[in-house]
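> Input: one structure, supplied below.
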Amino acid sequence: MPYRYLLFVLVLFPLLILSSTTQAAEFTVPLGGGDRLDVQVTEGHGDGPLFVWLINQYGERRGVDDLASRLAARGATVWQVDLLKSLLLQRDNETVRALQGDPVAALLQAAADSGLGPVVVIACDRMSVPLLRGLRTWQEGAADMSAVAGGVLFFPNLFRGTPVAGEDPELMGITGATTLPVAVMQPELGTHRLRLAELLETLHRAGSPAYGWLIPGMRDYYLFHTESPDSGVFEGFGGEVPPDVRAVLDETPARLMAAARLLTATPRPERMGALDPDADRSIATAYGLVERPAEPAPGYDLLDARGERHTLEESLGRVTLVNFWATWCPPCVHEIPSMNRLAAAYHEDEFAIVSINFQEDAAHILAFMDEVQVDFPVLMDVDGAVSARWRVFALPSSFLLDARGRVRYSVNTAIEWDTEEVRAVIDRLRSEE
């Protein structure tokens, strides 16, 4: 019988963290070829679960250290492992997606042999790919399938890579070959929120009893809000932690303990899923302007930050750049000045820029515009539905439309917009009858 997925919205009361002495220690898990994994241990005094936490690809661990202490106060033990650092690998997306399951499987077997448990492995973002591969590799040689309860994925990115803007992303093949239990912690305002159903359905078809837990009001990477992040990538998450984020961080240990109980109680699969090696390889990202088949744009009917309504029909008769972005996205902000200069180079009857903000409110956008000059309207996609119709995968994503309202080019990263190359494309589209 196919599994039905459950979408949980957990609303937990503020938690009192019980005082408990924890101790940090380290040990290594040997791998073949002389490699080893360095494991940092935060140990609680109790018989709680063993959480094996795979550190994110950027090496940021301050938020995890705090959560590890809070989990230890509840009796759990936490093993933190930075796979990329231990294996001396480069910190980039391609490296993470290429990581195979053997190191994680060795780690899981060490956890299973420790006598602690139940064992739950945790990862976020792209590190979810080696997590699932590790579960499957461990499963291949496991004598006791109940020794590992399953995995918890925070805002997972299980896609093969960033597709051409306007095209659907493809899930890594391991997603459709996972049969052990998985819990997905998906932020309500996260980039891939509207793809959660597809992810869960893929896991269920494979045979995994997967669960989806919605985290209200949060965006991706909310776990890494700290006063002083380790990595410059998370500089925007530094400073005083917002009260709503602090409340959710305080609730996270209870969520993880609940997830451990749920995964432990979930029946183990009796078979492994078939894995297509070709589908489990990443795809190359296409950068810059990419020409697209001339197809009608999906359209929009949105209010801008000042309350004025805009539709795609307003752009007919002129070339239009439709840009999807957010204020919390540094590359998005970086390209605004070049977009201002590009808009100033044309008469408004010839060329227009329409900016569509992803899930931020008017007050926040207007405050941003008081500090950063934006010379074009900023429309509000408050629920992300328009972004989904345009198949926006990453921010920023942009689309060049001809005078008939058809998508002709797209860009899935930030670029400098006031270049000769871009202007040549716009001029060619303007010259078409």
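The values are calculated or read from the model by the stated rules, or taken from the named source; none is laboratory data. Owing to the predicted nature of the structure, the values given are computational and were not obtained by experimental measurement. FYI the Cβ positions are ideal-geometry reconstructions off the backbone, even for glycines, and counts take in every protein chain you see. Heavy atoms of the whole protein, side chains included, go into the accessibility calculation; ligands, DNA and RNA do not. Shrake-Rupley method; radii C 1.70, N 1.55, O 1.52, S 1.80 Å.
> Treat each spin label as a single point 7 Å out from the Cα along the C-beta direction, and report the R271 to A143 distance in nm.
So the label points at R271 and A143 sit 2.7 nm apart.
> Also, I was wondering about something else. Quick check: the angle from helix 196-206's long axis to the longest principal axis of the chain, C-alpha only, nearest 10 degrees?
50 degrees
> Counting only DSSP beta bridges with both residues in region 59-218, tell me the antiparallel percent, nearest 5.
Looking only at bridges with both residues in region 59-218, the antiparallel portion is about 5 percent.
> Would you mind counting up the charge near P163? Only other residues with Cβ under 10 Å from its Cβ, with Lys and Arg at +1 and Asp and Glu at -1.
Within the 10 Å Cβ shell, the charges total -1.
> Further question on the same structure: Between D250 and E350, what is the label-point separation in nm under the 7 Å Cα-to-beta-carbon projection?
Output for this residue pair reads 5.8 nm.
> By its C-alpha gyration tensor, with a ≥ b ≥ c as the square roots of the eigenvalues, how is region 387-433 shaped: rounded for a/c under 1.5, else prolate for a/b larger than b/c, else oblate?
It comes out oblate by the Cα gyration axes.
> Along the Cα→Cβ direction, 7 angstrom out, place labels at D35 and D375. What is the inter-label distance in nm?
Each label point is offset 7 Å from its Cα along the Cβ direction, giving 5.1 nm.
> OK, next. Please list 117-127, 326-336, 282-292 highest first by mean number of surrounding beta-carbon atoms within 10 Å per residue.
Ranking, from highest mean packing down: 117-127, 326-336, 282-292.
> Leaving out ligands and nucleic acids, note down the accessible area per residue over the chain with a 1.4 angstrom probe, in whole Å².
Here the residues of the chain average 44 Å² of exposed surface.
> If you don't mind, another one. Taking only Cα atoms, what is the 0 to 90° angle, nearest 10, from helix 420-431's long axis to the longest principal axis of the chain?
Around 50 degrees separate the two axes.
> FRET efficiency for R261 and S228, Cβ-Cβ distance as r, R0 = 35 Å, nearest 0.05?
Here the calculated transfer efficiency is 0.55.
> Using a 1.4 Å probe on the protein chains only, how many percent of the accessible area of the chain belongs to carbon and sulfur?
Here carbon and sulfur together make up 51 percent of the probe-accessible area.
> Between helix 102-113 and the chain, what is the angle of the helix's C-alpha long axis to the longest principal axis, kept within 0 to 90° and rounded to the nearest 10?
The two axes meet at around 40 degrees.
> With both bridge residues required to lie in region 279-371, what share of the DSSP beta bridges run antiparallel, to the nearest 5%?
In region 279-371, DSSP labels about 30 percent of beta bridges as antiparallel.
> Related question: Based on the mean of other Cβ atoms within 10 Å per residue, sort peptides 26-36, 353-363 so the most packed one is first.
353-363, 26-36
> May I ask what percent, to the nearest 5, of DSSP beta bridges between residues of the chain are antiparallel?
45 percent
> State whether region 153-222 is rounded, prolate or oblate according to the following rule on the C-alpha gyration tensor (a ≥ b ≥ c being the square roots of its eigenvalues): a/c under 1.5 gives rounded; otherwise a/b larger than b/c gives prolate, and the remaining case gives oblate.
Oblate, since a/c reaches 1.5 and b/c is not below a/b.
> While we're here: Considering only L316, L132, L153, give the residue with the highest GNM mean-square fluctuation for the chain, with springs between Cα atoms whenever their separation is below 10 Å.
It is L316.
> Return, in residue-number order, each cysteine of the chain whose C-beta is not under 4.7 Å from any other cysteine's C-beta.
C124
> Here's something else I'd like to know. Among L37, G150, A343, flag the residue with its Cα farthest along the positive direction of the charge dipole of the chain, charges on Cβ as +1 for Lys/Arg and -1 for Asp/Glu.
After comparing all options, I get G150.
> Another question, if that's okay. Going by a ≥ b ≥ c, the root eigenvalues of the Cα gyration tensor, does region 278-433 fall in the rounded group (a/c under 1.5), the prolate group (a/b larger than b/c) or the oblate group?
In terms of gyration-tensor shape, rounded.
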